[in-house]
1. Can you confirm whether residue 255 is at pLDDT 95 or above and assigned to a loop (DSSP other than H, G, I, E, B)?
2. Collect the residues in the stretch 258-290 that are within 16 Å of ligand 1 (Cβ to nearest atom) and assigned to a helix (DSSP H, G or I), keeping them in residue-number order.
3. Can you name the number of the only condition in (1) closer than 15 Å to residue 199 by Cβ; (2) touching a residue at least 40 places away in the same chain (Cβ under 8 Å) that residue 224 fails?
4. For the stretch 1-114, please list each of the helices (runs of 4 or more DSSP H) lying entirely inside it that holds at least 2 residues being crowded, with 18+ Cβ neighbours inside 10 Å and either within 16 Å of ligand 2 (Cβ to nearest atom) or in contact (Cβ under 8 Å) with a residue 24 or more places away in the chain (or both).
5. When residue 156 is evaluated against the numbered criteria (1) under 22 Å from residue 86 (Cβ atoms); (2) within 16 Å of ligand 2 (Cβ to nearest atom); (3) surrounded by fewer than 22 Cβ atoms within 10 Å (Cβ to Cβ), which criterion, by number, is the only one it fails?
6. For a quick check of your reading of the model, give me the residue pairs whose first member lies in the stretch 120-133 and is without any contact (Cβ under 8 Å) to a residue 60 or more places away in the chain and under 19 Å from residue 193 (Cα atoms), whose second is more than 7 Å from ligand 2 (Cβ to nearest atom) and in a loop (DSSP other than H, G, I, E, B), with beta-carbon atoms closer than 8 Å and at least 6 apart or on different chains.
7. Where residues in the stretch 199-212 are modelled with pLDDT of 95 or more and buried (at least 19 other Cβ atoms within 10 Å of the Cβ), which of them is farthest from residue 244 (Cα to Cα)?
8. Is it fair to say residue 230 is away from ligand 2 (no atom under 16 Å from the Cβ), within 29 Å of residue 134 (Cα to Cα) and crowded, with 18+ Cβ neighbours inside 10 Å?
Ligand code: PBG
Ligand code: ZN
């Protein structure tokens, strides 16, 4: 097909032609909204590095979920900011923990929205790491039991799906087994399977108050330079019983999303993380880009790369935009 016999522009000449040959259609069904739950009443505290995002008490979380439902968003992802932190993250798996209470409230008031709970210890440990520590070393195997306990307590509170984000080895198998033994064989695991050690998580750590107090997360999260390793990580989680696998972050890792989509026959989720959100918001505020257009282009690109669903702080805004 060579010019002048073939002219690609023929099929771009008007919006009707463009609609006919459009390959990727973003819909509201693709979107999952992350939310930050905190104690108290009537709390809606802005996250400075994430304009439009808030730490919210449960009453306001329920309002946000209602609004998400009215826009057609099928699911939310819950993060909790606990009242107390300690070395063993005991508030992560407490029956009256913040995520457990928020989950119950949502399932009570807005039962049709899928509640996914982030399962990790970093918001709940006083040192801010995703597992328990022995001196300055993360103790992988000692963390597994606490992570599985956290997932189980979320399921007991009514979570529809649990999403481990800790990146400890073996945690998906441990969670699956614990859920099955306790009559939660119907609760799927969405695994943060290829989670990179990314500076794009900066704003999130302000929102979730989960910055590590010493060291960094490089001994458990993946090296941004590695792609083949992502296939090993994801394959492992598939073998261990994951139902959905996630790549995180999204935009700087579109090649990973694409490869995983090709190699793995499970639904693929991508997490359009806090730093990706913050960059667009900041440039928009400066008047340097059209934020809405960049948002839609970004989300469409993540879907085009192969994501079946996208966790994004833009979920509400994108859903509004898609209605028009
Ligand atoms: C913690 C966790 C992080 C995110 C989700 N769960 C950050 C981290 O690993 O420090 C990042 C989300 C975002 O940046 O939007 N397990
Ligand atoms: Zn963590």
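1. On the way: at pLDDT 95 or above: yes; assigned to a loop (DSSP other than H, G, I, E, B): no.
Considered against the rule, which asks whether it is at pLDDT 95 or above and assigned to a loop (DSSP other than H, G, I, E, B), residue 255 comes out as no.
2. Answer for the stretch 258-290, where residues must be within 16 Å of ligand 1 (Cβ to nearest atom) and assigned to a helix (DSSP H, G or I): 274, 275, 276, 277, 278, 279, 280, 281, 282.
3. Of everything listed in (1) closer than 15 Å to residue 199 by Cβ; (2) touching a residue at least 40 places away in the same chain (Cβ under 8 Å), residue 224 misses just condition (2).
4. Fully inside the stretch 1-114 and qualifying: 58-71, 98-109.
5. Failing condition for residue 156: (2).
6. 121/89; 121/129; 121/131; 121/132
7. 203
8. Numbers: away from ligand 2 (no atom under 16 Å from the Cβ): yes; within 29 Å of residue 134 (Cα to Cα): yes; crowded, with 18+ Cβ neighbours inside 10 Å: yes.
Against the criterion (away from ligand 2 (no atom under 16 Å from the Cβ), within 29 Å of residue 134 (Cα to Cα) and crowded, with 18+ Cβ neighbours inside 10 Å), residue 230 qualifies.
The values are calculated or read from the model by the stated rules, or taken from the named source; none is laboratory data. The structure presented is a predicted model; accordingly, all values stated were derived computationally and were not measured. We place every Cβ from the backbone using ideal geometry, glycine too, and count neighbours over all the protein chains shown.
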